[in-house]
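Undergrad: Before I ask anything, here is the structure I am working with.
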Amino acid sequence: MEGGEIVLLTSSIISPSTMKLINEFGATFKSFKWVQYDAVSYSAIAEANSLCFGKTVIPDYHFRNASLVVSVNADFLGTWLAPVHFIPDYVSARKPDNGEKGMLKHIHLNQG
């Protein structure tokens, strides 16, 4: 497509490898623009992290390294942030029949 602009529209991407791939893809075109848009905005999370930790980021959680998860109104396995990304780590830490004594404990508080 000569003279045109190529626009890639995605939701917010938090994966460094995905960002690298998108940037490498975009570098192959003269006129490339990457637009990130979320129907449900996570800007409040990014701003809270900026205020608390000095970094404007969306967090990435490593459930395989946790022994206790306390979730308050965050359905991280269903609709919150990146459930497909979180599920494998969470499941790997929640196997009661694998002989390990340190199974991940999960407390979920939901305000109805």
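Undergrad: Would it be correct to say that Lys95 is within 29 Å of Leu9 (Cα to Cα) and among the basic types (Lys, Arg)?
TA: Considered against the rule, which asks whether it is within 29 Å of Leu9 (Cα to Cα) and among the basic types (Lys, Arg), Lys95 comes out as no.
Undergrad: Right, Leu104: more than 30 Å from Gly26 (Cβ to Cβ), modelled with pLDDT of 85 or more and open to solvent by 90 Å² or more (accessible area, probe 1.4 Å) or not? Give the derivation first.
TA: Values: more than 30 Å from Gly26 (Cβ to Cβ): yes; modelled with pLDDT of 85 or more: yes; open to solvent by 90 Å² or more (accessible area, probe 1.4 Å): no.
Judged against the criteria, Leu104 is not a match.
Undergrad: For region 32-77, which positions are surrounded by 11 or more Cβ atoms within 10 Å (Cβ to Cβ), hydroxyl-bearing (Ser, Thr, Tyr) and closer than 23 Å to Leu21 by Cα?
TA: Tyr42, Thr56, Tyr61
Undergrad: Considering each residue of region 8-31, count those that are loosely packed, with under 11 Cβ neighbours inside 10 Å, of a type outside the set (D, E, K, R) and over 14 Å from the mean Cα position of the chain (by Cα), and give that number.
TA: So the answer is 3.
Undergrad: Looking at region 1-58, which of its residues are small (Gly, Ala, Ser) and in contact with a strand residue (DSSP E or B) (Cβ under 7 Å, 6 or more places away or on another chain)?
TA: Residues satisfying the conditions are Ser11, Ser12, Gly26, Ser31.
Undergrad: Find all pairs meeting these conditions: Cβ atoms under 8 angstrom apart; at least six residues apart or on different chains; first residue within region 4-15 and farther than 12 Å from Gly26 by Cα; second residue at pLDDT below 85 and open to solvent by less than 40 Å² (accessible area, probe 1.4 Å).
TA: Ser11/Asp38; Ser12/Asp38; Ile14/Leu81; Ile14/Ala82
The values are calculated or read from the model by the stated rules, or taken from the named source; none is laboratory data. A quick note: this is a predicted structure, and the numbers were derived from the prediction, not measured. Ideal geometry is used to build each Cβ from the backbone, glycine not excepted, and the neighbour counts take in all protein chains shown. Please note that ligands, DNA and RNA were not included when accessible areas were found on the heavy atoms of the full protein model with its side chains. Shrake-Rupley method; radii C 1.70, N 1.55, O 1.52, S 1.80 Å.
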